[in-house]
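Engineer: The structure that follows is given in the form of structure tokens.
What follows draws every value from the coordinates through simple rules; no lab data is involved. This is a predicted model, so every value here is computed, not measured. Please note: Cβ atoms are built from the backbone with ideal geometry, for glycine as well, and neighbour counts cover all protein chains shown.
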Amino acid sequence: MSKEVLSVKNLNMHYETLSGDVHAVKDVSFSVKEGESFGLVGESGCGKTSVAMSLLQLQADNAKISSGSIVLDGVELVGMNESELRKVRWDGISIVFQGAMNAWNPVVKVGEQIREAIREHYPEKSKAENTEKIESLFKMVGLDAAVIDRFPHELSGGMKQRAVIALALSCDPKVVIADEPTTALDVVIQDQILNEIKKVQELLGLSLIYISHDIAVIAEMTDQMAVMYAGSIVEIGPTDKVFSTPKHAYTRLLLESTPSVVGEKKKLRSLDGEPPSLINEITGCSFSPRCPDPSDDCKNQNKEMKLVEIEPGHFADNCCVDCG
Amino acid sequence: MNENIEQDLQKQLRKEAIRRNWNLFRQSKLGMIGLYIVIFFLFLALLQPFLFITGIWNKGVYDPVVGYEAIKDTLLVVECPKEYPTEKYESMKDCPGEGEINVKRLYLAPGVEVGDYYEAFIQPAPPSSRHLLGTDSLGRDVFSQIMEGSQVAFVLGLLSATLGVGISTILGTIAAFFGGRVDAYLMRQSDLILMLPSLPLLFIISAFAELKVWHLAVVLGVLGGLGGSVITIKSQALQVKVKPFVDSARITGGSRWRIMFSHVLPNVAPLALLFMVFSVTGAIASESVLSFLGLLNIDMSWGIMIYLSQTDGFIFSGLEFWWLILPAGLAVTLLAGGFYLVGRGLDDVFNPRLRKR
Amino acid sequence: MGEYIIKRTLQMTVVFFLFLVFSYLLFNAIPGNAFSNLLLNPDLPPDAYNRVLELYGLDKPLFERLQLYIVNFFKGDFGYSYKSFPKTPIELISERLPRTLMLFAIVNIVSFYTGFFIGKILAWRRGSQSETWITLTSVFSYTVFYPWFALMMLWVFGYKLGWLPIGKFLYPEKWYDAPFDSDIVFSSMIKFTIVVSLIQFAAYLATRGIESLSSRRNLRFASLIAIFIGSYFYWNNGAALIKKPYAADIAYHMILPVMVVTIVAFAGTALLTRTTMMEVLKEDYILTARAKGISQKRIRDRHAARTALLPVVTSFIFTIVTIIDGSVLTEQIFSWPGMGQLLLQSVLEEDIPVAMACFSFVGVFALVAHLLADISYSYLDPRIRIKSQG
């Protein structure tokens, strides 16, 4: 049994805005083991990216972590000061942002931007060593060594995304977060990038947190997964189990709304309505207004949202388990 | 019926947008400071005619240009000693002291002797309850002049800014919309205006035309409107032009001019408004500089007040005659700064890239 | 990029031609001329006025004169000054220009650096108490009524405290037995300034490729020290030693105008930097840089400031265009006999050849500066560099 690299416990985070507090992350707990890949899936605006930002402690200025803990390799990240955090970032945990187009500073060469990260964490290394390291990373993600001296706008979207992956790996982090790394790319390139990530993960034995709204990608990429809805995790467990026996109504709907290329033809179901506004505190089942066939617990809002263990390692939110 | 509903809806939407923007603007501390300053000067500008109409102020005394009041003061006539220090005076500078006058200065008033009291008109007179900011060397009320000056500043600033922004918005949109030769011509014209040295140009114009406030406003407006702002508005209009709603308007058969006026212009308007606020700052400064150099043919303005205090030599008397020097200079600075701050605040509202995350 | 610059040059040449025509017509529209007052003298024979006009070629039709003017402009012939005959406008300008350039080169360099630095800090400290106060101060100095402010400063430092001279650019009594003209001292001061800034720039370029941050910083500091030592030796040896006291006198007179103009000029750069910096700080790559664990200071100076620099540099070059324009007021107030004063006087005295030469000179100056702005922009922003190549 490999050990836990990252564990998140009861994380709560909200944004302070003009119209009130937005509770973006509510009571989220999960853990990632060494060499494991963990998927986080949900609609846009359900708090996936907020979780990712909290892991790096990179939230916006108006975001406040009200409670919870994030432990990376035995070190508590919540409440760390800026200079301690700087050491952890990239070295301990790095991220592949969504939209690689904007992740590069347009006026600095790609190689220089990677070199800068290495220099920050390993100042003793020489220029030649760094160049060698970047070249080997580029080779790993399938990029030409000449890209080092290019400016970001000279690269295509796929190349930029590959370079971002190389950037994320440059300091040999323990955990890599991939926040919708393929959203802005076309399908062919998407597939290449996914394979690249998978290959690299296996090669280096990385722990990967994969964030996506595309449940099919999660199925392909991850060992463990969690489904988020309106800021909280509604179902969490081994990916194959969640897929074979989805317990929460929302998970089921998500699965049924995704077309499958193989297997029998099924009518796709669509999900009506919109996710609830996160400004108001929701008591009871947050999914109940959109639940196609709510159970009594769900409709009457008389149960607190709480994960219950359905089978070993597979948890689901108790108020919507029995829904249709 | 339907049209009514649509109009109501539009009205409501507009109200909503204004309220939302106002709430955003209120967040900007500096913008609010600027707004308070502008409102303060607007109040001053409106207060003066009110005081004259209601008769609280007598026109003969308080008129900023032809008003006159002599302030009399009784001074003790003394003779300054030849050697210092004495009991009364430490150095030559202390003689005569407060409320005293040297007998030697009264050579035009024979028969006055040391120890007499002498009634003198003091001009410029220091601030008193009758004249809040004192009077100038011609016995005119400085506070009234400041009010008159703020009228001039508002009329000139708003007029030239409106004119300039109107011109540059229309030309910029046309350049973006029609492209080709029209665009090339307009861009070269902007280059030309940018190349001209503005201050010397204004000197030359003032050499062959007696510039009044209106003329100056038109000149400044036209120069500002043809210059660099056309280029900026054009680039903004180019961005709007490729937006989907313009395409859809074209597909549904809107004419070029209609699309330009009802779809593109409203989307360029926020930027234009911003330009307008900033160019008010420029116009106020230009007027003051030209008045200061004595090149304008207007009766009263803040620039002229400083011009007069400089030509009369008061500016080098330091702070002894502070009411002649400080109020006018501060008024120009504050009002120009106020408009600038309002512009900053608006920028924070209209430019989403500047908003806080 | 070359194509772009050529295109731009052609455009600007056309504009410059228009500028010449426009300014000629403008001057022509001024009623009267420099000799109008001859008419007021009843003792002169009646044809004297016409003879003078003929002598100066003012009786020819407008179009012919315009043609002649443009042809002569490209020959470099501006005629003679009406008021200080037999000096030519070129002579007058070449005498005045170094004084203006010296003053404003220093002002621009100082105000650019302070403005950029302060703007950077403003954007970085967004929302703090100090930001509000610094912004208010900057807005005050940006919108302050300049002549008024300058006169107040002149009063405080020149008159009340007596630390600095009031006006003029030298003490004439010190120069009675000077072995040379003030212009020679000026030109050697300008040469010195240019050489120093070139060395500084070269040192910056040379140290750019060094990987270690601390040794890069140390080397730059060392180069600064070397420049100081070098300039100390320069002014204490050989030909420069004789000029030193005179150069010092001019430098002493420059302090107050430089200070006043800098206070007014830095704010524009600072406020612009603040805006562009704030825009840049919202970009995603700033978040990437933070995620990389790079220090706040480095993100600010390297990632944010570098990108924010682009529009600031462009606008800075545009302010160079307005040097002569802006010098009019400054030189008038500080009685600094430079281009601005020449321009103002020649316009007011209707010394048309000089005024037109000054005007055209400003035009050429603006032309070059605009081109420089375009080129430097395309150099600094690699996105444009590539776009215009392809």
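Engineer: Mind checking the mean number of beta-carbon atoms from other chains within 10 Å of the Cβ atoms in C:275-286? Provide the component values of the computation, followed by the final result.
Structural biologist: Values: counts 6, 2, 0, 7, 4, 2, 3, 6, 6, 9, 11, 2.
Taking the mean over all residues of the peptide, I get 5.
Engineer: Hey, rough spin-label estimate for B:Phe43 and C:Lys297, points 7 angstrom out along Cα→Cβ, what's it come to in nanometres?
Structural biologist: Here the answer is 4.6 nm between the modelled labels.
Engineer: Would you work out which of A:Asn130, A:Ser295, C:Ile227 lies farthest towards the positive end of the dipole of the protein assembly as shown? Charges go on Cβ: Lys and Arg +1, Asp and Glu -1.
Structural biologist: Positive-end residue among those listed: A:Asn130.
Engineer: Once the convex hull of the C-alpha atoms of the stretch C:84-231 is built, how many Å³ does it hold per residue, rounded to a whole number? Don't skip to the end; give the middle numbers.
Structural biologist: Numbers: hull volume 31.8 nm³, N = 148.
Hull volume over Cα atoms, normalised by residue count, gives 215 Å³.
Engineer: Using modelled backbone amide H atoms (1.01 Å from N, in-plane), which distant-in-sequence or interchain residues come within less than 5 Å of A:Lys33's amide H?
Structural biologist: For A:Lys33, whose amide H was placed from the backbone, the distant partners under 5 Å are A:Val5.
Engineer: Karplus couplings for the stretch B:271-283 from phi (6.51 cos²θ - 1.76 cosθ + 1.60, θ = phi - 60°), rounded to Hz, Gly and Pro as x?
Structural biologist: The phi angles translate into 4, 4, 4, 4, 4, 4, 4, 5, 6, 4, 3, x, 5 Hz.
Engineer: Another question, then. Sorted by mean Cβ packing within 10 Å, highest first, what order do the peptides C:278-287, A:164-173, B:218-227 take? Show your work: numbers first, answer last.
Structural biologist: Numbers: C:278-287: 19.5, A:164-173: 24.4, B:218-227: 21.1.
Ranking, from highest mean packing down: A:164-173, B:218-227, C:278-287.
Engineer: Efficiency by 1/(1 + (r/R0)^6): what FRET value for A:Glu82 and C:Ala48, r their Cβ-Cβ distance, R0 = 60 Å, to the nearest 0.05? Working shown, then result.
Structural biologist: Numbers: r = 84 Å, r/R0 = 1.40.
Between A:Glu82 and C:Ala48 the formula returns 0.10.
Engineer: At 0.36 nm per residue, minus the direct Cα-Cα distance, what do A:Glu4 and A:Ala146 gain on full extension? Give it in nm, one decimal, please. Kindly include the intermediate steps, with their values, before the conclusion.
Structural biologist: Values: separation 142, 0.36 × 142 = 51.12 nm, distance 3.82 nm.
Difference between extended and current length: 47.3 nm.
Engineer: Quick one: 3J(HN,Hα) in Hz for the stretch B:205-215, Karplus 6.51/-1.76/1.60 with θ = phi - 60°, rounded, Gly and Pro as x.
Structural biologist: Once rounded to whole Hz, the list reads 4, 5, 6, 10, 8, 6, 8, 9, 4, 4, 4.
Engineer: Also, I was wondering about something else. How would you classify the stretch C:319-366 from its alpha-carbon gyration tensor, with a ≥ b ≥ c the square roots of the eigenvalues: rounded for a/c under 1.5, else prolate if a/b is greater than b/c, otherwise oblate? The partial results should precede the final answer.
Structural biologist: Values: a/c = 2.54, a/b = 1.02, b/c = 2.48.
Oblate, since a/c reaches 1.5 and b/c is not below a/b.
Engineer: If you put +1 on each Lys and Arg Cβ and -1 on each Asp and Glu Cβ, how big is the dipole of the stretch B:72-122 around its Cα centre, in Debye rounded to 20? Numbers along the way, then the final one.
Structural biologist: On the way: 6 positive and 11 negative charges, 44 e Å.
Computed about the Cα centre, the dipole is about 220 debye.
Engineer: Order the peptides C:260-269, B:47-56 from the highest to the lowest mean number of other Cβ atoms within 10 Å of their residues. Don't skip to the end; give the middle numbers.
Structural biologist: Working: C:260-269: 22.4, B:47-56: 12.7.
So the peptides C:260-269, B:47-56, ranked by packing, come out C:260-269, B:47-56.
Engineer: May I pose another question? Top mean-square fluctuation among A:Thr222, A:Thr245, A:Thr183, Gaussian network model of chain A, C-alpha springs under 10 Å?
Structural biologist: Maximum among the listed residues: A:Thr245.
Engineer: If you put +1 on each Lys and Arg Cβ and -1 on each Asp and Glu Cβ, how big is the dipole of the stretch C:16-75 around its Cα centre, in Debye rounded to 20? Walk me through the intermediate numbers first.
Structural biologist: Working: 4 positive and 5 negative charges, 53 e Å.
Using only the charged Cβ atoms, the result is roughly 260 debye.
Engineer: Okay, next question. Could you work out how far apart the two model spin labels at B:Tyr36 and C:Ala251 are, taking each label as a point 7 Å from the Cα in the direction of the beta carbon, and quote it in nm?
Structural biologist: Label at B:Tyr36, label at C:Ala251, 4.6 nm between them.
Engineer: With a ≥ b ≥ c the root eigenvalues of the C-alpha gyration tensor of the protein assembly as shown, is it rounded (a/c under 1.5), prolate (a/b larger than b/c) or oblate? Show your work: numbers first, answer last.
Structural biologist: Details: a/c = 2.06, a/b = 1.83, b/c = 1.12.
Here the protein assembly as shown falls in the prolate category.
Engineer: OK, next. Which order do the peptides C:95-102, B:238-245, A:35-42 take when ranked by the mean count of other beta-carbon atoms within 10 Å per residue, highest first?
Structural biologist: On the way: C:95-102: 20.9, B:238-245: 13.5, A:35-42: 23.6.
In decreasing order of mean packing, C:95-102, B:238-245, A:35-42 become A:35-42, C:95-102, B:238-245.
Engineer: Take C:Arg8, B:Arg14 and order them by how many other Cβ atoms sit within 10 Å, fewest up front. If you can, show how the numbers build up before the last one.
Structural biologist: Details: C:Arg8 18, B:Arg14 10.
Least crowded to most crowded, the residues run B:Arg14, C:Arg8.
Engineer: When we measure straight from the Cα of B:Lys88, which lysines land under 21 angstrom away, once same-chain ones fewer than 8 places off are left out?
Structural biologist: Excluding near neighbours in sequence, the set is B:Lys104.
Engineer: Something else: In terms of modelled amide H atoms, which long-range or inter-chain residues lie less than 5 Å from the amide H of A:Met225?
Structural biologist: A:Gly39, A:Gly237, A:Thr239
Engineer: Residue farthest toward the positive end of the dipole of the protein assembly as shown, with Cβ of Lys/Arg at +1 and Asp/Glu at -1: which of B:Asn21, C:Tyr246, C:Ala206?
Structural biologist: So the residue we want is C:Ala206.
Engineer: With θ taken as phi - 60° and the coefficients 6.51, -1.76 and 1.60, list the Karplus ³J(HN,Hα) couplings across the stretch A:165-173 in order, rounded to whole Hz; mark glycine and proline as x.
Structural biologist: 5, 4, 4, 5, 8, 4, 10, 6, x
Engineer: Taking H as built 1.01 Å from N, whose amide H comes closer than 5 Å to the amide H of A:Ile310, not counting residues under 5 places away?
Structural biologist: Amide H neighbours of A:Ile310: A:Phe315, A:Ala316.
Engineer: At 222 nm, what value in deg cm²/dmol follows for chain A if DSSP H runs of at least 4 each add -39500 (n - 2.57) and the sum is divided by all its residues, to the nearest 500? Please report the intermediate quantities before stating the final value.
Structural biologist: Working: 10 runs with 99 residues, N = 324.
Calculated from helices alone, the mean residue ellipticity at 222 nm is -9000 deg cm²/dmol.
Engineer: Additional query: Along the Cα→Cβ direction, 7 angstrom out, place labels at B:Gln12 and B:Val114. What is the inter-label distance in nm?
Structural biologist: 9.0
Engineer: Taking the Cα centre of the protein assembly as shown as origin, sum charge times position over the Cβ atoms of Lys and Arg (+1) and Asp and Glu (-1), and report the length of that vector in debye to the nearest 20. Mind showing how you got there, number by number?
Structural biologist: On the way: 98 positive and 105 negative charges, 394 e Å.
Around 1900 debye, computed over the protein assembly as shown.
Engineer: Using the beta-carbon distance between C:Ile227 and C:Ser187 and R0 = 25 Å, what value does 1/(1 + (r/R0)^6) give for FRET efficiency, to the nearest 0.05? Kindly include the intermediate steps, with their values, before the conclusion.
Structural biologist: On the way: r = 20 Å, r/R0 = 0.82.
Efficiency, rounded to the nearest 0.05: 0.75.
Engineer: Then there is this: What's the exposure ranking of B:Lys15, A:Lys26, A:Lys241, C:Lys244, going from fewest to most Cβ atoms within 10 Å?
Structural biologist: Numbers: B:Lys15 10, A:Lys26 22, A:Lys241 17, C:Lys244 14.
So the ranking, lowest neighbour count to highest, is B:Lys15, C:Lys244, A:Lys241, A:Lys26.
Engineer: Can you work out the FRET efficiency for the pair B:Ala209 and C:Glu64, with r the C-beta to C-beta distance and R0 = 35 Å, to the nearest 0.05? Can you show the working numbers first?
Structural biologist: On the way: r = 26 Å, r/R0 = 0.76.
With a Förster radius of 35 Å, E is 0.85.
Engineer: Cα to Cα, under 26 Å, and not fewer than 8 places away if on the same chain: which lysines meet these conditions relative to B:Lys29?
Structural biologist: Cα-Cα hits under 26 Å: A:Lys64, B:Lys15, B:Lys356, C:Lys120, C:Lys282.
Engineer: In addition: Can you give the average number of partner chain beta-carbon atoms within 10 Å of each beta-carbon in peptide A:140-153, as a whole number?
Structural biologist: Neighbouring Cβ atoms belonging to other protein chains average 1 per residue here.
Engineer: Going toward the positive end of the dipole of the protein assembly as shown, with +1 on Lys and Arg Cβ and -1 on Asp and Glu Cβ, which of A:Val8, A:Met221, B:Leu75 do you reach last?
Structural biologist: The one lying farthest along the dipole's positive direction is A:Met221.
Engineer: From other protein chains only, count the Cβ atoms within 10 Å of every residue's Cβ in A:9-20, then give the mean. Can you show the working numbers first?
Structural biologist: Values: counts 0, 0, 0, 0, 0, 0, 1, 0, 1, 5, 1, 0.
Mean inter-chain Cβ contacts per residue within 10 Å come to 1.
Engineer: Be a star and scan the stretch B:270-296 for residues whose amide nitrogen sits under 13 Å from the point 7 Å along the Cα-to-Cβ vector of C:Ile166.
Structural biologist: Taking a point 7 Å out along Cα→Cβ of C:Ile166, no residue of the stretch B:270-296 has its backbone N under 13 Å.
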